[in-house]
Amino acid sequence: MTIIWGGLALGAVYALVAVGYNIVFISSKTFNFAQAQLMMVGTFVAHTGLVTLRLPVALVVLMATAAVMAVAAVEERLAIRPVGDPEAVLVTTLGAAVLLNGLTQLVWGGQPLTVPFFGGDQVLELLGGRVYPVEIALVVVAVALVVLFTWFSRRFVTGLALLAMAEDREAAMLRGIDVRRLAFWTFAASGALAGLLGVFVGPKTFAVATLGASLALKGFVVVAIGGFGSMPGTLVGGLVVGLVEALAARHLGSEYASISVFAVLIAILLVRPSGLFVRTRERAV
Amino acid sequence: MALWRRLRALPTWILPVALGAVLLMLPVLGLDFSASRQIQLACILALLVSGLNLSLGYAGELALGQAAMYAAGAYTAGMLSAAGHTDIAVQLAASGLVVLAVGLLTGVAGLRLGSWSLAMTSFFLVLLVPDVLAVFAGRTGGRNGLSGILGPTLFGRPLDPTGFYLVIGVVLVAWFAVMRNIVVSRHGVALRVLKQSPVLASSMGISAFRMKLLAYALGAIPAGLAGALFANLDLYVSPEAFGFTLATTVLAASILGGTTSVYGALAGAAVMQFGPSQSSRFQEFALVFTGVFLIVGGVLVRGGLADLARKAVTRLDRAAGLTPQPASGTEGTADIPPIKGATLAVEDVSKAFGGNRALDGVNFRAAPGRVTALIGPNGSGKTTLLNMVCGFYRTDSGRILLDGERLEGATPHRVARAGVARTFQTPSIPDGVTVLEAVAAGRYSTDRASVLSAVLRLPGFRRVRRADREEAERMLALVGMGHLRGERASALPLGMRRLLEVARSLIAAPGVLLLDEAASGLDEDEVDRLAELIRRIRAAGGTVVLVEHNFRLVLDLADDIVVLAHGQVIAQGPPAEIETNPRVLGEYLGAAQEVA
């Protein structure tokens, strides 16, 4: 059961990255490779705030949110807006990811840094397994976020505008939606979210510069399983990836953890190329 | 300028050959150890980048797994060497073959995916390298790396550092010769067609999947060779050498040099090797530099250094007066050879998208030597019907026959090979090829020449290439575009691009020619030329299906008219009949009923 809890928490981390991917994908049909790196920057800021500066938690949360939001805003302006076609965006956001990796290594060094969890770190017994408070928090946050986003997108004008934009960008434009502005602010919001989540993710993963690549890819697997743009899909995807990784590492050995996730990815992509929760459309000329 | 003119009179392959010679001569001129090592690493990087260019730049596939292929090549060579097989030629061959196999295997699974999925999946492959090596730790040394690699030999004699340098140089020169021969051949043009649009490729009879796989698997080979060379350079390989950093460096070098170029790989690799990855002082900044290169490269320099070089050459050519003045157009005077038209029969075809019945029991027949026009208001199902004939949609029910052979259910490239050629509403012309090449590409599937024969320039390839050129010249003369043969095809005005599409379709001598709104956007003069061309195709015995909005043109040209409305055929017959059919006038022309 301890393994299951660990896997669920890990899956929640991946799902959180995937939520970030999806927010950007829904708003601008682009794929932000640097999403996981944004979250990584959040973990570093959390480390600096909580460990180095010993600031109160609320302040650190604000700090991480604001800092990563600013980074995301810069990324949108420099690496996404000026680029036309979606394939070039993949290259430039990959560039942003590499750049963030390099910069964080310069600033914080290559060693893993601890990020204490504000909810404490005493082990709890739950349903016959041992679990850290932060692991429970991660699962709760992931579920809450998906519910919140779904509710927001149905209930509010901005949310509906987002959905309209995702459905048909030009039609949304003709309806008087400022598509570029909306895309910018959604991107910044996805950054703010990544920063905020850094405070939750850091205690589980540590703040380390190599975090980005692995998170980015596992987060992508989650999206591939759940389907691009599907929020409930991220929960299912995260569940699958987290459990597969934890169980494979436990029963087959740590070197099989990623290999098993890859096998799942290939299987899913071959059977349902657009994910489990998105309907395929027949191709048109 | 006189010097430039003299330079341009030389064949274009002189410069690369000279560069290769200089590269091989360098050790004779005296190179210190670190400079020599840097050059060798740059050569290895250039091989990796070149492979990426083939799949990313030419075929348009975001497959970023070069680092994994590189690792496969390095470990193949390293394990062979540790087992006593030190001959570098054997290792190169083995690495090349192993990597080709890996490329085919991963390609079959990965290439079904679209752009991002393929990019992420191939990146994932890179991430897995240390894990896979750890699984086979007994043979590969796992995370500690593979040591015990013996010094390389060639034909039984040990290689000194200079000898090994020469091996690297020769491999590099040989691969670039192969790459260049592929790219300038008809296969290179076919790859660009694929990059332009898989739909276009398959409607020209090119299997998009096989073409992607070809580019991907071929692109793996230089990575395998590079791996074998790398293993013998340091006599030690470890998983760290094949990580995320290398993958992004290769991508950055490719973009910097220009992904759609042959020699850009050299420039990009040199910049990345002597720039960011240079000395240890800059090591910690390497990632930052790579990131900046990727962003700036992606945003600003679309074609990379290669594009800048091309522009400079064009400018110098113009200054030196080398640009040929376009001769005045020879109007379509060439004769059309007799065409063996086929009968296209659409029988009771229905198609629904969700609840929307796009086609409902459609029947019509297009016969050789006749122009059959398909008209109807927007949304009446004309284009859906064309796409159905071409195999892009599956029929819900009914049959589509070409001279009695069933077409429904066949893949688009099979339909095209069966003899169905088409043009598009928005002309689809590959980028970076000349008008002549674009037209000749229409013969890709009718007259075959293997990649190997193109690489080695075998007589079979030369014969096909000659036939390609002659036929394309003839087709261009036919549509009156002979004087434009050397122009960049994608830069032509709309009318010319439409005629080019017709020429490209005709060159395959198709049984049925489908023209999708071929006259829209043309001026009066161009419409007349198109009409004349269609009449001559009909006279030569071709079967023409014309989807058209221009009612005058249709009445003028067509022998039979099929009128579609709401997915059903509402009238069918000769122009005189359709012109006065009250239902057609009501539905299609929006004329009031009292006219009838």
The residue from B:L133, B:L159 that alone is closer than 15 Å to B:D87 by Cα, in the same structural domain as B:N53 (by TED's automatic domain parsing) and touching a Ser or Thr at 6+ places or on another chain (Cβ under 8 Å) is B:L159
Those residues of region B:113-158 which are under 28 Å from B:G57 (Cα atoms) and of a type in the set (F, W, Y) amount to B:W116, B:F123, B:F124
Heads up, the strands (runs of 3 or more DSSP E) in region B:332-443 (entirely inside) with at least 3 residues that are crowded, with 22+ Cβ neighbours inside 10 Å are B:344-353, B:356-366, B:371-375, B:420-422
Worksheet item: Looking at region B:70-84, is at least one residue crowded, with 24+ Cβ neighbours inside 10 Å, of a type outside the set (F, W, Y) and under 28 Å from A:A88 (Cβ atoms)?
Response: yes
Residue pairs within 7 Å by beta carbon, gap of at least six or interchain, first lying in region B:134-148 and within 13 Å of another protein chain (Cβ to nearest Cβ), second of a type in the set (F, W, Y) and surrounded by 12 or more Cβ atoms within 10 Å (Cβ to Cβ), listed first then second, are B:T140/B:Y75
Q) In region A:35-54, is there at least one residue being closer than 20 Å to A:V221 by Cβ and of a type in the set (V, I, T)? A) no
Practice prompt. Examine region B:103-123 for a residue that is out of contact with any helix residue (DSSP H, G or I) (no Cβ under 9 Å at 6 or more places or on another chain), more than 9 Å from chain A (Cβ to nearest Cβ) and assigned to a helix (DSSP H, G or I), and state whether such a residue exists.
Written response: yes
Result of the Cβ filter at 7 Å on region B:341-361, keeping first residues that are assigned by TED's automatic domain parsing to the domain that holds B:V563 and partners that are in a strand (DSSP E or B) and modelled with pLDDT under 85, at least 6 apart or interchain, is B:K351/B:A358; B:A352/B:A358
Residue hits (region B:1-30; free of Cβ contacts under 8 Å to residues at least 24 places away in the same chain and either among the acidic types (D, E) or assigned to a loop (DSSP other than H, G, I, E, B) (or both)) are B:L10, B:P11, B:T12, B:G30
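Within the group A:A96, A:A88, which residue is within 7 Å of chain B (Cβ to nearest Cβ), without any contact (Cβ under 8 Å) to a residue 24 or more places away in the chain and under 18 Å from B:G297 (Cα atoms)? Steps first, answer last, please.
Working: A:A96 fails: without any contact (Cβ under 8 Å) to a residue 24 or more places away in the chain.
Going through A:A96, A:A88 in turn, just one is within 7 Å of chain B (Cβ to nearest Cβ), without any contact (Cβ under 8 Å) to a residue 24 or more places away in the chain and under 18 Å from B:G297 (Cα atoms): A:A88.
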When region A:144-200 is checked residue by residue, the ones that are surrounded by 17 or more Cβ atoms within 10 Å (Cβ to Cβ) and farther than 18 Å from A:V24 by Cβ are A:V199, A:F200
Picked from region B:357-376 (must be over 30 Å from B:R536 (Cβ atoms) and more than 12 Å from every other protein chain (Cβ to nearest Cβ)), the residue nearest to the chain's Cα centre (by Cα) is B:L359
Screening A:A189, A:A183, A:A194 for residues that are away from every other protein chain (no Cβ under 14 Å), part of a helix (DSSP H, G or I), at pLDDT 75 or above and out of contact with any helix residue (DSSP H, G or I) (no Cβ under 6 Å at 6 or more places or on another chain) leaves only A:A189
The condition from (1) surrounded by fewer than 23 Cβ atoms within 10 Å (Cβ to Cβ); (2) within 24 Å of A:A248 (Cβ to Cβ); (3) at pLDDT below 80 that B:G110 misses is numbered (1)
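For the structure I just gave you, tell me whether B:G205 is closer than 30 Å to B:D32 by Cβ, part of a loop (DSSP other than H, G, I, E, B) and modelled with pLDDT under 90.
Against the criterion (closer than 30 Å to B:D32 by Cβ, part of a loop (DSSP other than H, G, I, E, B) and modelled with pLDDT under 90), B:G205 does not qualify.
Residues that are of a type in the set (D, E) and in contact with a Gly (Cβ under 8 Å, 6 or more places away or on another chain): list the helices (runs of 4 or more DSSP H) wholly contained in region A:124-179 that include at least 1 such residues.
Values: elements: A:133-155, A:157-167, A:169-174.
Those helices (runs of 4 or more DSSP H) span A:133-155.
The values are calculated or read from the model by the stated rules, or taken from the named source; none is laboratory data. As the structure is a prediction and not an experimental result, all values here were calculated from the model. Glycine gets a Cβ as well: all are built from the backbone with ideal geometry, and neighbour counts include every protein chain shown.
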